[in-house]
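Structure record follows, encoded as structure tokens.
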Amino acid sequence: MESEEITEEQAARMLAAMNEVIRAGEEMRRLRAEMIKVFVGYGWTQERIARLTEMSQPAVSKQVRARSPEAPMALSLRQDDAPWLEGRLWGLAEAISESCGETAHCTPYVHAFARGRKRFTPRTVDELRRLVEEDLRTLPDRFPATRRTAYRTAYDEISRGLDVPAKTPVAPPAPSSATPSMRRTLAHQLQRDRLRTDG
């Protein structure tokens, strides 16, 4: 006779996927709020921010009032704090994944980070580094010819930074309230833009 009730195991499986989406959504909302603070620091108008974030101007105004202004954030790729380097690694992996599709070893990780199914931890960063290194070693013919050197150069810079901590503590050139998630996201986008320019 078939059960007329859902089992706890079935419920756990269904809710696990939902919870991942909900957590990712909450994280993205927090990150968007942090990014609005960065845009305000650059002196952008609320109208401009509303257009870019696809939010209403009253919603942006509420976010702006809730946050104290910040000094503009430095956006040089050459920064050595771990979240910044992790963001650069993520951007490089994403570029490799786009070049090689499902054949890239790093593609499952790229998708998992994008969907919030994986988080940046020392273990996942080490695994992503290993997968990117494998792709650079085995798939160079699949990369656009103009980007092969750029991919390898970016990886070498990132890898050195992650392997050799700064000899003296250096505060990142960013507001003290910049969260690791915000710095990781900014570095990811800057790395993608740099690779597009170099390629």
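The values are calculated or read from the model by the stated rules, or taken from the named source; none is laboratory data. Just so you know, these numbers come straight off a predicted model, no measurement behind them. Reconstructed Cβ throughout: ideal geometry from the backbone, glycine too, with neighbour counts over all protein chains shown. For accessibility, only protein heavy atoms count, side chains too; no ligands or nucleic acids. Shrake-Rupley method; radii C 1.70, N 1.55, O 1.52, S 1.80 Å.
Residue 91: surrounded by 15 or more Cβ atoms within 10 Å (Cβ to Cβ) and either within 19 Å of the chain's Cα centre (by Cα) or of a type in the set (Gly, Ala, Ser) (or both), yes or no? Yes; evaluated as a whole, the condition is true for this residue. Residues in the stretch 96-108 that are in a helix (DSSP H, G or I) and crowded, with 23+ Cβ neighbours inside 10 Å: 96, 97. Residues in the stretch 110-162 that are open to solvent by 70 Å² or more (accessible area, probe 1.4 Å) and in contact with a Cys (Cβ under 7 Å, 6 or more places away or on another chain): 1 in all. Please tell me if residue 140 is without any contact (Cβ under 8 Å) to a residue 40 or more places away in the chain and within 24 Å of residue 19 (Cα to Cα). Considered against the rule, which asks whether it is without any contact (Cβ under 8 Å) to a residue 40 or more places away in the chain and within 24 Å of residue 19 (Cα to Cα), residue 140 comes out as no.
Checking each residue in the stretch 140-166 for being closer than 17 Å to residue 105 by Cα and among the hydroxyl-bearing types (Ser, Thr, Tyr) picks out 151, 155. Cβ-Cβ distances below 7 Å connect the following pairs, each with a first residue in the stretch 7-32 that is within 15 Å of residue 113 (Cα to Cα) and assigned to a helix (DSSP H, G or I), a second residue that is open to solvent by less than 100 Å² (accessible area, probe 1.4 Å) and hydrophobic (A, V, I, L, M, F, W, C), and a separation of six or more residues or different chains: 31/182. Annotation: of all residues in the stretch 135-188 being modelled with pLDDT under 90 and among the polar types (S, T, N, Q), the one that is nearest to the chain's Cα centre (by Cα) is 185. Selection of the stretch 90-123 for residues being more than 20 Å from residue 157 (Cβ to Cβ) and β-branched (Val, Ile, Thr) yields 103, 107, 121. When you scan the stretch 70-85, do you find a residue that is hydroxyl-bearing (Ser, Thr, Tyr), closer than 30 Å to residue 164 by Cβ and either touching an Asp or Glu at 6+ places or on another chain (Cβ under 9 Å) or at pLDDT below 80 (or both), even just one? Yes, there is a match, as at least one residue in the stretch 70-85 is hydroxyl-bearing (Ser, Thr, Tyr), closer than 30 Å to residue 164 by Cβ and either touching an Asp or Glu at 6+ places or on another chain (Cβ under 9 Å) or at pLDDT below 80 (or both).
Taking every residue in the stretch 92-118 that is under 14 Å from residue 134 (Cα atoms) and at pLDDT 95 or above and pairing it with any residue that is surrounded by fewer than 17 Cβ atoms within 10 Å (Cβ to Cβ) and acidic (Asp, Glu), at least 6 positions away or on another chain, the pairs with Cβ-Cβ distances below 6 Å are 105/134. Across the stretch 134-151, the qualifying residues are those that are in contact with a Ser or Thr (Cβ under 8 Å, 6 or more places away or on another chain) and part of a helix (DSSP H, G or I), and the one among them that is nearest to residue 91 (Cα to Cα) is 147.
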